[in-house]
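The values are calculated or read from the model by the stated rules, or taken from the named source; none is laboratory data. Here the structure is a predicted model, which is why all the values come from computation and not from measurement. With ideal geometry, Cβ positions are generated from the backbone for all residues, glycine too; neighbour counts draw on all protein chains shown.
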Amino acid sequence: MKKLLLPLFFAFFSLSVCAQTQNEVRLYYGLTDSKLLRGEAITGGGSSNIENSYEFGFRYLLGITDNLSLETGLSYWRGDVTVTSAPMPEQTIYSEVLQTTSIPIFANYTFLDYFFINGGPVMDFQGSETLFIDPQAGIGVGFGLGAQYAYNNFNFYINPNFRRFAVIPFEEKDFHQKLTSFGLQLGIGYKF
């Protein structure tokens with residue numbers, strides 16, 4: 001058994017030393033256009049509007065091959081939500097702040113040296129209590145198509161993306177609202 005383990009150890013060690021893949025740490029800030037959408041419309045129901053939404057966070061890319069990486073990290077999203085009730089007999093307006101913290105588990109594929117596509121499931125946790133908005137904690141999805149430019153070990157990138165929160169919510173409600181976001185992330189990474 002020992003005779004077999006030693007050659008396997010050296011083979012694994014030599015493969016990892018000779019690999020051309022690189023790991024990367026990224027920081028980003030993004031502006032988003034977000035909406036709370038329902039699967040079915042409620043007739044005569046109220047409406048909601050999200051303003052001043054943004055996100056920021058960090059990502060870690062674990063190189064698997066020269067073009068493919070596993071991307072994970074931690075991101076924070078925030079938006080000001082205005083909820084307008086149905087007119088019965090009066091129409092009232094409520095304001096709330098919606099905050100989420102997310103952990104993505106993306107595949108990141110680089111092509112033509114300057115472009116990448118990333119996407120996969122995202123674990124979302126709601127950071128604020130809301131009275132008029134359904135909970136956004138759950139498993140969501142996200143994907144994006146971006147451009148990048150490498151200079152020495154630094155990588156500058158832009159990543160337009162789409163996110164859908166709580167596709168599988170931890171707490172299901174009737175006609176569950178789903179936070180849906182189109183964003184533009186600007187970031188810098190460091191390869192090591």
Residue tally, condition surrounded by 19 or more Cβ atoms within 10 Å (Cβ to Cβ), within 16 Å of the chain's Cα centre (by Cα) and farther than 30 Å from ILE93 by Cα, over region 132-156: 3
Of all residues in region 32-59 being exposed (fewer than 15 other Cβ atoms within 10 Å of the Cβ), small (Gly, Ala, Ser) and under 16 Å from GLN177 (Cβ atoms), the one that is modelled with the highest pLDDT: SER47
Residues that are more than 16 Å from PHE58 (Cα to Cα), touching a residue at least 12 places away in the same chain (Cβ under 8 Å) and among the aromatic types (Phe, Trp, Tyr), drawn from region 144-158: TYR149
Residue that is nearest to the chain's Cα centre (by Cα), among those in region 100-131 that are surrounded by 16 or more Cβ atoms within 10 Å (Cβ to Cβ) and closer than 15 Å to GLN177 by Cα: ASP124
Unique residue being in contact with a strand residue (DSSP E or B) (Cβ under 9 Å, 6 or more places away or on another chain), farther than 22 Å from ASP33 by Cα and hydrophobic (A, V, I, L, M, F, W, C) when the list is LEU70, LEU74: LEU70
Odd one out for PHE116 among (1) modelled with pLDDT under 95; (2) assigned to a strand (DSSP E or B): (1)
